[in-house]
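The structure under discussion appears below in the form of structure tokens.
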Amino acid sequence: MKYLKTGLVALLLQFAIRQVCGQAIQTGDITGQIIDRTTKQAVPAATILITELKKGVVTDSAGKFSISQIPVGVYTLMVSSSGYQEKQITDVNVIRSKSNYLEIEIDESVHTLEEVAVRTYKYENNPRTPVSVYGFSREEISRNPGAQGDIFRAIGMLPGVAANGAEYSAIAVRGQGTRDNLYLVDDIPVSQVSHLEENGSGFNDPNGGRFSIFAPRVIDNAQFIGGGFGAEYGRKSSSVLNLGIKTGNPTDPFIDGQLDLLGFTVNYDGPSYVLKNTSLFVSARYQNFDPLVNLINRKDGGHPSYGDYIFKSVTELNKKNRLSAVAIFSPEIYTRDIENVKADTGLNYTLILDAKNTKDILGLSLRTLTGSRSYWKNILYFTRTKLNYSYGDSYPVVDKDGNLINKENVPYREDLQRIIYSEAELGYRSVFSASFKNNAKLTAGIDVARVALKNYRRLNAPDTLYSFGKNDLRPDPTQYYSVVEPQYYNADFDDANFNASAYIDYSTVLFKKLTVNAGGRYDYFGFSDEHTFSPRLSGSFLFNATNTINFATGIYYQDPIYSEIADQPATKKLKEQRTMQFIVGYRRYFSPNLKLTIEGWYKDLDKLIVRPVSGISEQINDGTGRAGGFDISVTRRLAKNFHGQLGYSLMKSKRNDHDGWGEYDFDFSQTHQANFLLAYNPNEHWILSTKFRYATGKPTSSYIIHYNVLNNPDYIRHSQELIGKNDLRMADFIVVDVRVDYRFKPRGFVPILFADIANINNRLNENRRIWNAIHGRTFVDGLAIFPTFGLKFEY
């Protein structure tokens, strides 16, 4: 209570002084600490320079620094130290009478900078990782045009990442699916990170969710690895996304937030005033889509809303121990009633839905400096996802042309399907990392987790499927539709098992030019009682300071999706899926801020989980596949008021489910992808940015139509018989996004107006084609223009 009272008094005094002084105080401070990224040790005698003011300081013996009396505004910092790569930090905001605290990690140099001082951005210039590593700062995520502050939408423009459309945020990387990526939130593995995943059939949506559970400016930094990652990362095979939640400012309190078309976000960033040496970051967001639905005239979409509530504390226990605590609570509600069905003039969505779900993440992390060049992380975590879905359907009566006969009286039933599902994981991770004077590094660790699954699923009446293929259940070959009986759909699963992993990575530098990273990973998966071993090898050869060749290869095993495990009959056990990867890349720095990367890759996929019969839960490990391509990216970091990125990907991905259809194009096999981003800051007030994305249309299947398959003139329904598997293409994906930010001159309160418009060209991009049995045609599932606008503020 003593600290709480002291803090409240300090805040009141601070506010009173600002009101009295008015505009007399126009400066703030920047303080912080410089840390070695590999060893987590303080870096003394490092230079920190504010480039716009040519003003700088040197860190003390504890790596700390303080720059005072800085005019309010937004600045760029350059951090340099002997034996380290130079690092540039952009968008450092100085607010009147406040101290902006920064903890900056820098990388050791592994070679002599002969030609140019290459500047490093978080995680990107590390010889121990493949070329396919990209870093995003808090401001870069927040200002990415069309992303609306969502980290997944920002990543969606990277080379090799498939474009899902303005409606979706989930990512599919290098010929694999949206469920094949590993997500870590402050070192906690998380499987559910999205809101509004479509689950109308009871099966996982291949397009993923619409929005992530992380509000704008919650993620402080993000590291994305598109493939070839080391043994420390496992249980997923496609990519790794490391997300770091903002750490609170230990010196001064900051409040920032956002009011927009969908709702609001408020963040607190500052001291706890309760516990000594403890900082807090607290975020609350609520989003309701009714205003947007009304604006774009999509009242048929229903009523989605969700919230995200995040808490993080960091306590410096002593000079060697840091304790972090994280808690995330993300509830969601989505309803669609008969009035929403009537608002759908095309009668495309007859579904009635009442869905409630929550996602919870809790974690404790203790980082201990065990020596001058080593540290030990111990993470205890709990994650849980709970779903409660009730599905119904409506039965519009139409004439022979598919027109609704009686709009006021549409028959419907609300209780056709019920899904009550939960997955809970209680886990412990222990990771030790040591760096040696010869530039060698060792990382070793263990992971243990108990996973509990519950799945209650009921179909209360037979369900008619008007889209079918040759393998689907049709006892009568003249019956041009299939029927799913409850016994093929119902599930009652309640079980728990343990997973365990052990891994080691060792990195060393040979001949002062060649960095070699070798490692291995052991995994045990309890639900299938399966043991696997995954060798990994990667490295880089430094021709000189500006030219690098990278390579990576390894075996990657992937767990079955938990919800699919809970779908299976008691006698069926899904096994691990296997991927072998080969990557070769080249990186060239033309200047400290201009970088070219080229990377070629190939994947061989085996034991893939496939569903032989549509609408039935049973799956088997009979699938095989292959994928390959190359990515090109040119990145210009922020300098002289503008930055940008240009990327191109060539990719092909083939699958074979061994079900009689033969080899086919995988759902996310989009041959050509091109992306372009440009952001310009003409002055201290305006930030203008635009983004262009193009991708070859997604694969879709050919079909023939059967008319009036029920032979009932009073209830006309048509059907679609698939005669090919992903043998056609949807229309190409083309999107132009635009964002404008206007920052008012900062005082104690900094308002920022913004408009962020995804798909400003208003093109209806296809995500998939869905058969409409009422009028006998497929319709495009997608979204055109998707605008948001509002006010951001900082105090």
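The table that follows gives values for the structure above.
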quantity	calculated
Where labels lie 7 Å past Cα in the beta-carbon direction, separation of ASP337 and PHE436 in nm	6.9 nm
Estimated translational D of the chain in µm²/s (Stokes, Kirkwood radius over Cα pairs; 4 °C; 1.567 mPa s)	46 µm²/s
Percent breakdown of C-alpha pair distances by 10 Å bin, ordered from the shortest bin, for segment 459-604	9, 22, 21, 18, 15, 10, 4, 0
The chain, dipole about Cα centre (Lys/Arg Cβ +1, Asp/Glu Cβ -1), debye to the nearest 20	2720 debye
Residue-span extension gain [ILE549 to VAL274] - 0.36 nm each, minus C-alpha spacing	93.9 nm
Peptide ranges 85-97, 504-516, 210-222, 706-718 listed from the most packed, as the mean C-beta count within 10 angstrom indicates	210-222, 85-97, 504-516, 706-718
Mean Cβ neighbour count within 10 Å, used as a protection proxy, ranking 169-182, 583-596 highest first	169-182, 583-596
P(r) of segment 240-374 over all Cα-Cα pairs, binned every 10 Å from zero, in whole percent	11, 28, 25, 17, 11, 6, 1
Cut-off 15 Å, label 7 Å out along Cα→Cβ of LEU380, residues of segment 522-544 by amide N	none
Two-site FRET efficiency, LYS407 against TYR707, from Cβ-Cβ distance with R₀ of 25 Å, rounded to 0.05	0.60
Under 5 Å, built H, 5+ apart or other chain: amide partners of ILE561	none
Modelled FRET efficiency - R0 41 Å, PHE590 with THR27, Cβ distances, 0.05 increments	0.65
Residue-wise HN-Hα coupling along segment 582-596, computed from phi with Karplus coefficients 6.51, -1.76, 1.60 (Hz; x: Gly, Pro)	9, 9, 9, x, 9, 10, 9, 9, 7, 7, x, 10, 10, 10, 10
Among TYR506, ASN544, VAL516 the positive-end extreme of the charge dipole of the chain (Cβ point charges)	ASN544
Percent breakdown of C-alpha pair distances by 5 Å bin, ordered from the shortest bin, for segment 507-566	4, 15, 19, 14, 12, 10, 9, 7, 6, 4, 0
Extreme residue, positive dipole direction of segment 193-351, given options ASN294, VAL266, SER279 (C-beta unit charges)	SER279
Ordering of 306-317, 402-413 by burial proxy (mean other Cβ atoms within 10 Å per residue, highest first)	306-317, 402-413
Relative contact order (%) - criterion: Cα under 8 Å, at least six apart; region: the chain	11 percent
Residues of type lysines that LYS319 reaches as a straight line, Cα spacing below 28 Å, ignoring anything fewer than 8 places off in the same chain	LYS2, LYS5, LYS40, LYS64, LYS87, LYS98, LYS122, LYS246, LYS276, LYS377, LYS437, LYS441
Between 0 and 90°, nearest 10: helix 2-21 axis offset from the chain longest Cα axis	80 degrees
Whole-angstrom Cα spans of segment 26-109 along principal axes, big to small	37, 20, 16
For segment 358-440, average projected area of the Cα convex hull in nm²	11.6 nm²
Cross-link partners of LYS572 among lysines (Cα-Cα below 18 Å; sequence separation of 8 or more within a chain)	LYS454, LYS607
FRET E, pair THR370, LYS513, Förster distance 35 Å, beta-carbon r, rounded to 0.05	0.70
Estimated vicinal HN-Hα couplings, Hz - segment 40-46 in sequence order (Karplus 6.51, -1.76, 1.60; Gly, Pro = x)	6, 8, 5, 10, x, 6, 8
Under 12 Å, Cβ to Cβ, from TYR524 - net charge with Lys/Arg +1 and Asp/Glu -1	-4
Relative contact order of segment 647-795, defined on C-alpha pairs under 8 angstrom at six or more residues apart (%)	19 percent
Karplus-derived 3J(HN,Hα), 6.51/-1.76/1.60, for each residue of segment 516-533, Hz, glycine and proline x	10, 10, 10, x, x, 9, 10, 10, 10, 10, x, 5, 10, 6, 10, 10, 9, 10
Taking segment 219-326 and dividing mean pair separation by its residue count, relative contact order in percent (alpha carbons under 8 Å, at least six apart)	20 percent
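The numbers here are math on the coordinates, done by the rules we state, and not lab data. Only a predicted model underlies this, so the values are computations on that prediction, with no experimental measurement involved. Neighbour counts run over all protein chains shown; Cβ positions are idealised from the backbone, glycine included.
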